[in-house]
Amino acid sequence: MSDLISRFPQRRAIFAALTLVLLASGCAQAQVSAPKPVPSPTAPVTATPQSAALPPLVNLPDFTPLIERYGPTVVNISTTSEQAIPGAGNPFPPDSPFYRFFEHFGAPNGQSKQPPQEKVESLGSGFILSSDGYIVTAAHVVRHAKHIIVTLADHHAYPAKLVGLSVRYDTALLKIDANNLPTAPIGNSNDLKVGQWILAVGTPFGFSNSVTQGVVSALDRPLPDDEYIPFIQSDVPINPGNSGGPLFNMYGQVVGINDQIYTNNGGYMGLSFSIPINTVMSVVEDLKAHRAIQFGYLGVEVQSVTPDMAEALRLHEPVGALVASVEPDSPAARAGLQAGDVIVTFAGKPVYSVGQLPLLVGTKKPGTQVEIGILRHGKAVNLPITVGALPSPQKASDLESSPTPNPSVLKIERLGISTKPLSAKLKQELGIDQGVEVVDVHEGAAAEAGVQPGMIIEQFDQQVVQNPQQLQRLVAATPADKPVPVLIRQGKSSIFIVLRLPKKGS
């Protein structure tokens, strides 16, 4: 380092001397030109660079006008929350037999056994929706926060009030006490096309006003934990801190808010997911008006159609959502849907996989009348249905079936199970009036398919099972190695499985 520092004054002195020489030479410099080097006969011949710039073959996007105009509409959101410190003050490790003892009796002087709290600070992003201070962000950025601070691009910070949020749509609306703020124009996410350029602005890892770009990779992408959001998938690099920030199209319009990534290491891996702005704005309007957010509801449990299940149901290909159960007195029950039906269209849109149906249903307003297309025993049927409102979640209690005195247990050798009739109490608890209870599972086809004691067989080969004797007759009449759809219930959840029975006597 000392060598570098010592060289800088010497170079400046040489440059100053050279400048004085050039200035002193005056007009002579204009008349005298430097001699051109003569190429050696053995020197390699190099291409002469062209003086005129070639036009680009592909015009790449220039994002600077977009950022200059709408970059100030992006805000940083910092939150402070409290969370319990599990096991704080406990001198024993969690796997120690004394750990629980200390938790119950170790609080000195009769103090509260509640674990101590620690402050947690987090960062996110958002954008200014209106000039009077409404801010849109992701719900997980501000959920459980005790203090929310919104910092504008000009570094002015404001305390924010949470107007409301939706966990299912992961959208939140904030309000700050400010006026004449720059606002981001709202686009139409339905106009997005795969391959279009998009731009994300936010605060990844705390680096405010960071800009990243990419293209739309897919549309209407359902995710397992967010079945009501038709995500925009892109390759825009977003990271922790980008959540809630805007996704811009090339017109400078917000077409989504950045929400999550798919990763194995906590960082960006090329898969980013954003909530479409049309979904966001439908939630924002309800939050701003303090209206309850409602979701469409059919009252069915559905599952995937596997190739084996498609063969068992006599379908041409494994598509659609297989109805495993129908809630009593639900919109689906009133429309005539049955367990074993395969839903292939909803409101004119195709249902290729089970993940698409909750999204299509959930985004419909309760009371909307639509037509649902199903395959029943391999034949196409259209049913009109009125979408209901999703009930509020209730805490489900664990159901325990009490044994019936002197039960009539029947062993079905070909299935490898022992069954008994349903008790009156179990029928009442589960709200069903058919099926047989599995008492024991032996080696055989049922065990290989995952059947366990306590489960209930409701259908066998699309026939409603009334009692163990009927089930035994159905099993006896089934050819060997034929894929058979069997409807199994455990608690209040039902699912279809595929059985292949062995030859009789084997």
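Restricting the search to the range 336-358, which residues are open to solvent by 20 Å² or more (accessible area, probe 1.4 Å) and not in a loop (DSSP other than H, G, I, E, B)?
V344, T345, K349, P350, Q356, P358
Just the residues that are charged (D, E, K, R) and free of Cβ contacts under 8 Å to residues at least 24 places away in the same chain, please, taken from the range 311-328.
Once the filter is applied, which keeps residues that are charged (D, E, K, R) and free of Cβ contacts under 8 Å to residues at least 24 places away in the same chain, the range 311-328 yields only E317.
Within the range 486-506, work out how many residues are in contact (Cβ under 8 Å) with a residue 40 or more places away in the chain and farther than 18 Å from Q462 by Cα.
Residues meeting the conditions: 4.
Need the failing condition index for I232 against (1) open to solvent by 10 Å² or more (accessible area, probe 1.4 Å); (2) within 24 Å of L129 (Cα to Cα), just the number.
Exception for I232: condition (1).
When you scan the range 472-483, do you find a residue that is within 27 Å of G299 (Cβ to Cβ) and either among the aromatic types (F, W, Y) or modelled with pLDDT of 85 or more (or both), even just one?
No; the residues of the range 472-483 include none that is within 27 Å of G299 (Cβ to Cβ) and either among the aromatic types (F, W, Y) or modelled with pLDDT of 85 or more (or both).
So, restricting to strands (runs of 3 or more DSSP E) that lie completely within the range 426-490, which ones have at least 3 residues that are farther than 18 Å from V323 by Cα?
436-441
Looking only at the range 282-319, which residues are polar (S, T, N, Q) and within 19 Å of P350 (Cβ to Cβ)?
Hits for the range 282-319 are Q303, S304, T306.
For the range 310-335, which positions are touching a strand residue (DSSP E or B) at 6+ places or on another chain (Cβ under 6 Å), buried (at least 18 other Cβ atoms within 10 Å of the Cβ) and not aliphatic (A, V, I, L, M)?
Once the filter is applied, which keeps residues that are touching a strand residue (DSSP E or B) at 6+ places or on another chain (Cβ under 6 Å), buried (at least 18 other Cβ atoms within 10 Å of the Cβ) and not aliphatic (A, V, I, L, M), the range 310-335 yields G320, S325, P331.
How about the range 180-210: which of its residues are aliphatic (A, V, I, L, M) and open to solvent by 70 Å² or more (accessible area, probe 1.4 Å)?
Hit for the range 180-210 is V194, nothing else.
Mind counting the residues in the range 262-280 that are open to solvent by 40 Å² or more (accessible area, probe 1.4 Å) and among the aliphatic types (A, V, I, L, M)?
Of the residues in that region, 2 qualify.
Given the condition of a type outside the set (G, A, S), within 25 Å of V305 (Cα to Cα) and either assigned to a loop (DSSP other than H, G, I, E, B) or modelled with pLDDT under 90 (or both), answer yes or no: does some residue in the range 398-412 qualify?
No; the residues of the range 398-412 include none that is of a type outside the set (G, A, S), within 25 Å of V305 (Cα to Cα) and either assigned to a loop (DSSP other than H, G, I, E, B) or modelled with pLDDT under 90 (or both).
Restricting the range 140-151 to residues that are touching a Ser or Thr at 6+ places or on another chain (Cβ under 6 Å) and surrounded by fewer than 23 Cβ atoms within 10 Å (Cβ to Cβ), which is nearest to V74 (Cα to Cα)?
The extreme case among them is I149.
Taking only the range 45-100 into account, find how many residues are in a loop (DSSP other than H, G, I, E, B), touching a strand residue (DSSP E or B) at 6+ places or on another chain (Cβ under 8 Å) and modelled with pLDDT of 75 or more.
Here the count works out to 2.
Taking the range 485-496 as the search range and keeping residues that are buried (at least 19 other Cβ atoms within 10 Å of the Cβ) and of a type outside the set (S, T, Y), which one is nearest to S304 (Cα to Cα)?
So the residue we want is F496.
Residue by residue through the range 152-167, note down the ones that are assigned to a strand (DSSP E or B), out of contact with any helix residue (DSSP H, G or I) (no Cβ under 7 Å at 6 or more places or on another chain) and surrounded by fewer than 17 Cβ atoms within 10 Å (Cβ to Cβ).
If the condition is that a residue be assigned to a strand (DSSP E or B), out of contact with any helix residue (DSSP H, G or I) (no Cβ under 7 Å at 6 or more places or on another chain) and surrounded by fewer than 17 Cβ atoms within 10 Å (Cβ to Cβ), then A157, P159, K161 are the ones that fit.
Only one of these conditions is not met by I293: (1) modelled with pLDDT of 90 or more; (2) of a type in the set (A, V, I, L, M); (3) open to solvent by 10 Å² or more (accessible area, probe 1.4 Å); (4) not in a strand (DSSP E or B). Which number is it?
So the condition that I293 fails would be (1).
Residue check, V370 against (1) under 17 Å from V302 (Cα atoms); (2) open to solvent by less than 30 Å² (accessible area, probe 1.4 Å), all met but one. Which one?
Here V370 clears every test but (1).
Restricting to the range 432-483, name every residue that is acidic (D, E) and under 13 Å from L499 (Cβ atoms).
Within the range 432-483, E448, D461, D481 qualify.
Restricting to the range 433-448, give me the number of residues that are among the hydrophobic types (A, V, I, L, M, F, W, C) and open to solvent by 20 Å² or more (accessible area, probe 1.4 Å).
3
Every residue in the range 248-269 that is touching a residue at least 12 places away in the same chain (Cβ under 8 Å) and either out of contact with any helix residue (DSSP H, G or I) (no Cβ under 9 Å at 6 or more places or on another chain) or assigned to a strand (DSSP E or B) (or both), please.
F248, V254, V255, G256, I257, N258, D259, Q260, I261, G266, G267
How many residues does the range 168-185 contain that are part of a loop (DSSP other than H, G, I, E, B) and touching a Pro at 6+ places or on another chain (Cβ under 9 Å)?
4
The values are calculated or read from the model by the stated rules, or taken from the named source; none is laboratory data. Since we're looking at a predicted model, the values are computed, not measured. All Cβ positions, even for glycine, are placed from backbone atoms using ideal geometry, and neighbour counts span all protein chains on display. Quick note on the areas: whole protein, heavy atoms, side chains included, nothing else; ligands and nucleic acids left out. Shrake-Rupley method; radii C 1.70, N 1.55, O 1.52, S 1.80 Å.
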